[in-house]
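Student: Take this structure first; my questions come after.
The values are calculated or read from the model by the stated rules, or taken from the named source; none is laboratory data. Predicted model, so just to flag it, every value in this text is computed and none were measured. Because the Cβ atoms are built from the backbone with ideal geometry, glycine has one as well, and the counts that use them run over all protein chains shown. Just so you know, the surface numbers come from the protein's heavy atoms only, side chains and all, with ligands and any DNA or RNA stripped out. Shrake-Rupley method; radii C 1.70, N 1.55, O 1.52, S 1.80 Å.
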Amino acid sequence: MRDIATAQPVPIILDSEGSEKRPTTVLGVIPARLASTRLPRKVLRTIAGRPMLAWVYEAASACPQLTRVIIATDSEEVANLCQQNNWPVQLTSSDLRSGTDRVHAVAQQLPADIYVNIQGDEPLLKPEHLTALLRPFAQPSVEVSTLKVVCTHEDTTNPNAVKVVTAADGRALYFSRATIPYDRDWRAHDGQPRDNAAPEYWKHIGLYAYRKATLDRFPTLPPSILEQTERLEQLRFLENGISIHVEPTDYDTIGVDTEDDLHRVEALLQRA
């Protein structure tokens, strides 16, 4: 199988003519909200001897396509940890509802061409994820990108593992916590798949990259019905006609939302 995620980076196209007139600036932003509902203070939780945030920041900083990486937080405690470790940090309002809103707040202070939303609860992040995430911007028509990985059998029916269905050109058709596509021909009586080819399921990895103009549109759009129903902020883009290009990667991750997630990630990192 071709190593999708580690293929060579391609140039980011800034203008409609397909030529770069100046160096592209790509700002990586790590939203690090402390008041997580399901696992409070998770970005500060220790994993294999280090705070979760340290794993994320180190991996993001190792991506050569990022001009700069900054942590965006609403917590003085997180900001203090950043300052102790010389990690760039910016305090943002605790009223911001989503990671995209927090990235947008940083974008009002720090100019860039592309902004990368790097979830602070992804300690298995690799630089290769970010290289893959930025690859679609070789097409000047791409406004937003994200990632997908082949879904394991266990995650196919897991509502915490978001599934994505894409068009032939890589554009997202829909994201859902449900099992999509639904295989109508599954033979329920014996639990066996249909005789012809079964559908391939893809898990969404919640990293995003946005062009500046598209990121600026996000907070001007009201929360959408589908977004509120699924509790998936990316659906706001789709409901307002903004395409999301979904790039495949070979590398799965575990977004840490529970104590069980924390232990699974720690076991993996300790073996690495």
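Student: Would you mind telling me which numbered condition in (1) in a loop (DSSP other than H, G, I, E, B); (2) under 23 Å from residue 55 (Cβ atoms); (3) free of Cβ contacts under 8 Å to residues at least 12 places away in the same chain residue 83 fails?
Tutor: Only one criterion in (1) in a loop (DSSP other than H, G, I, E, B); (2) under 23 Å from residue 55 (Cβ atoms); (3) free of Cβ contacts under 8 Å to residues at least 12 places away in the same chain is unmet by residue 83, namely (1).
Student: Oh, and also: Can you tell me how many residues in the stretch 133-164 are crowded, with 18+ Cβ neighbours inside 10 Å and assigned to a strand (DSSP E or B)? Let's see the steps before the verdict.
Tutor: Within the stretch 133-164, the first condition is being crowded, with 18+ Cβ neighbours inside 10 Å, and the residues that meet it are 133-137, 142-149, 151, 155, 161-164.
Narrowing the set further to residues that are assigned to a strand (DSSP E or B) leaves 144-149, 163-164.
Summing the residues that are crowded, with 18+ Cβ neighbours inside 10 Å and assigned to a strand (DSSP E or B) in the stretch 133-164 gives 8.
Student: Among the residues of the stretch 3-18, is there at least one that is open to solvent by 40 Å² or more (accessible area, probe 1.4 Å), in a helix (DSSP H, G or I) and modelled with pLDDT of 95 or more?
Tutor: So far as the stretch 3-18 goes, no, none of its residues is open to solvent by 40 Å² or more (accessible area, probe 1.4 Å), in a helix (DSSP H, G or I) and modelled with pLDDT of 95 or more.
Student: Taking the criterion of being part of a loop (DSSP other than H, G, I, E, B), open to solvent by 10 Å² or more (accessible area, probe 1.4 Å) and in contact with a Gly (Cβ under 9 Å, 6 or more places away or on another chain), would at least one residue in the stretch 89-108 satisfy it?
Tutor: Checked the stretch 89-108: no residue is part of a loop (DSSP other than H, G, I, E, B), open to solvent by 10 Å² or more (accessible area, probe 1.4 Å) and in contact with a Gly (Cβ under 9 Å, 6 or more places away or on another chain).
Student: Which condition breaks for residue 217 when tested against (1) touching a helix residue (DSSP H, G or I) at 6+ places or on another chain (Cβ under 7 Å); (2) assigned to a helix (DSSP H, G or I)?
Tutor: Residue 217 satisfies all of (1) touching a helix residue (DSSP H, G or I) at 6+ places or on another chain (Cβ under 7 Å); (2) assigned to a helix (DSSP H, G or I) except (1).
Student: When the stretch 28-54 is examined, which residues are found to be of a type in the set (A, V, I, L, M, F, W, C), outside any helix (DSSP H, G or I) and open to solvent by less than 10 Å² (accessible area, probe 1.4 Å)? Even if it seems obvious, please write down each step before you answer.
Tutor: We begin by selecting, within the stretch 28-54, every residue of a type in the set (A, V, I, L, M, F, W, C); these are 29-30, 32, 34-35, 39, 43-44, 47-48, 52-54.
Narrowing further to those that are outside any helix (DSSP H, G or I): 29-30, 32, 34-35, 39, 47-48.
Residues satisfying the conditions are 29, 30, 32, 39, 47.
Student: Right, another one. Sort out which residues of the stretch 236-272 are open to solvent by 30 Å² or more (accessible area, probe 1.4 Å) and under 16 Å from residue 41 (Cα atoms), and write them in order of number.
Tutor: 257, 258, 259, 260, 263
Student: Residue by residue through the stretch 181-213, note down the ones that are under 12 Å from residue 148 (Cβ atoms) and either at pLDDT 95 or above or surrounded by 13 or more Cβ atoms within 10 Å (Cβ to Cβ) (or both). First the steps, then the outcome.
Tutor: Quick first cut of the stretch 181-213, residues under 12 Å from residue 148 (Cβ atoms) only: 200-207.
Passing the criteria: 201, 202, 203, 204, 205, 206, 207.
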